[in-house]
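This report concerns only the one structure given below.
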Amino acid sequence: MADPLKQFQIEPYVPILVGNADLSFTNSSLWMVVSAGAVYGLVMLGTRHHAMVPGRLQSVVELAYEFVADLVRENAGKEAMRYFPAVFTLFTFILMGNSLGVIPGIFTFTSHIIVTFTLAMGVFLGVTALGFWLHGWRFLSFFVPPGAPKLMIPVLVPIEILSYCFRPISLSIRLFVNMMAGHTMLKVFAGFIIALGIFGVAPLAVNVALTIFEIGVAFLQAYIFTVLTCIYLHDAIHMH
Amino acid sequence: MGKLLSIAGLLATSAVGLAIAAEDAAEAESGGLPQLDVSTYPSQIFWLILSFAVLYYLLTRKGLPRVSEILEARQDRIAADLDRAARLRQEAEETLRRYQAMIEEAQARARTLLHAAQERIAGDFAARQAALEQELNEKIREAERRIATAREKALGEIDEVAAELVQAAVQRLASLKITKKDARAAVGRVAGE
């Protein structure tokens, strides 16, 4: 039986060494590039006719655009629309990576903690820098809960700061664990299909159901990542 | 029955699967979870940032402006169409108002014309009636005058005839010759009685 964790192995395709750093082009890199290319290709292909009445693909592109725009407007406010391109890139990139990963044989780069953590750190640092840039040192008052008794402030502020700093960790772990767990389950059940002979129908059925479930998870996790990003943006722009 | 069997099979395979998975996991742990292999981190971070940045750049420069352009064009078009519809409607209402005013004016003119015609006809009728009455009256008066003259003339002639009759009767009866003057006086005397 194949190791269900083998699918997460990073396989270098083109070794690239820059100084001491190993920047090899790997299976993970391949699907990152493919995902980015697929998102951009879909957007460009969908809008190539500039149709007043959209066709099928253009509807998909417009739907994605409106969906993310509404997400930003509702969760982060109108002022946050300046950062809409970043949020749109984040959502479509993660969604494409998750969804392509459901296809058997395709490496899911979002199942690696370092990838999701880098994304989450990017959001965290960007949002924090934005908070300081917009509000200066007053942004620190974000860590003082409004209406808290003065006596409690020395206790509450460290808790607030700690919970703030945990944001990128929870954000990255949620996405990575969901993707990894789903794919491990799929592989585990897939391992039984041949092994059980005629009874392999049962794990096959489970895998079909799991695959449908995973498509849902792929979308949901991209959505959650994006919504939380918008909420963090809201905190940085409006403070509470 | 078949359903029960399949459920039982499913449970059995799940149990076996979990057992083997646990074993595998233990096995994999010896080799380490691929996600925890730090040596792959630089490559993953590098390619992630690169592909994300390129995608962000391309979408910001070309992709998203194109989508928003299309959406805005449609929004503008819808707004323009609504505007035009409102304008056309206003024009139609204007035309309807003008049309109604025209009909009202025409009706009013027709009424005045009818009224004038009626008055003229009534006037004509009255004038002709008056003329006819006058003519008839004149004719009546003429006839009366003629009758009166005829009567007077007849009355005058009666005296004359009576006088001649008296003259003739007297001559015949009494063989007396009386003058016409006397006879007339005698008739006048008798008539006067």
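The values are calculated or read from the model by the stated rules, or taken from the named source; none is laboratory data. None of these values were measured; they are calculated from a predicted model. Because the Cβ atoms are built from the backbone with ideal geometry, glycine has one as well, and the counts that use them run over all protein chains shown. To get the accessible areas, we keep the full protein, side chains included, count just its heavy atoms, and leave off ligands, DNA and RNA. Shrake-Rupley method; radii C 1.70, N 1.55, O 1.52, S 1.80 Å.
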*Out of A:Met81, A:Met52, A:Met44, any idea which swings most in a Gaussian network model of chain A, alpha carbons joined below 10 Å?*
A:Met52
*lysines with Cα under 25 Å of B:Lys181, excluding same-chain neighbours fewer than 8 positions away*: B:Lys153
*Post the alpha-carbon centroid distance, the range A:207-240 to the range A:153-197, in whole angstrom.*
13 Å
*Could you tell me which helices of chain A pass both thresholds, a Cα extent of 30 Å or more along their own axis and a mean Kyte-Doolittle hydropathy of at least 1.6, with helices taken as whole DSSP H runs?*
A:113-135
*Candidates A:His50, A:His183, A:His135, ranked by Gaussian network fluctuation over chain A, Cα under 10 Å, top entry*: A:His50
*asked:* What percent of all Cα-Cα pairs in the range A:77-204 falls into each 10 Å bin, going from 0 up to the bin containing the maximum distance?
replied: 11, 27, 26, 18, 10, 6, 2
_Total accessible surface hidden between A and B, rounded to 100 Å², 1.4 Å probe_ = 4500 Å²
*asked:* Connecting C-alpha atoms closer than 10 Å in a GNM of chain A, tell me which of A:Ser99, A:Ser172, A:Ser163 has the biggest fluctuation.
replied: A:Ser163
_Tell me which of B:Ile158, A:Phe132, B:Ala92 sits at the most positive position along the dipole axis of the protein assembly as shown, charges placed on C-beta atoms (Lys, Arg +1; Asp, Glu -1)._
B:Ile158
*Surface accessible to a 1.4 Å probe, A:Tyr83 within the full protein complex, Å²*: 50 Å²
*Measure off, as a whole percent, the carbon and sulfur share of the 1.4 Å-probe accessible area of the range A:6-238, all protein chains present.*
74 percent
*In whole angstrom, note down how far apart the Cα centers of the range B:37-51 and the range B:174-193 are.*
177 Å
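If you place +1 on the Cβ of every Lys and Arg, -1 on the Cβ of every Asp and Glu, and leave all else neutral, what size is the dipole of the range A:18-170 about its Cα centre, to the nearest 20 Debye? Could you put the intermediate results ahead of the total?
On the way: 8 positive and 7 negative charges, 45 e Å.
Roughly 220 debye, rounded to the nearest 20.
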_Once ligands and nucleic acids are excluded and a 1.4 Å probe is used, how much of A:Val53 is accessible, expressed in Å² to the nearest 10?_
120 Å²
*Nearest 20 debye, what's the magnitude of the dipole of the protein assembly as shown about its Cα centre given +1 on Lys and Arg Cβ and -1 on Asp and Glu Cβ?*
1720 debye
*Any lysines with Cα under 29 Å of the A:Lys78 Cα? List them, leaving off those in the same chain fewer than 8 positions away.*
B:Lys62
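Can you sort A:Phe189, A:Phe139 by 1.4 Å-probe accessible area, starting with the largest?
The ordering from most to least exposed comes out as A:Phe189, A:Phe139.
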*asked:* Between the range A:5-30 and the range B:82-130, how far is it from one alpha carbon centroid to the other, in angstrom?
replied: 92 Å
*the protein assembly as shown - mean residue ellipticity at 222 nm from DSSP helices (-39,500 (n - 2.57) per run, n ≥ 4, rounded to 500)*: -28000 deg cm²/dmol
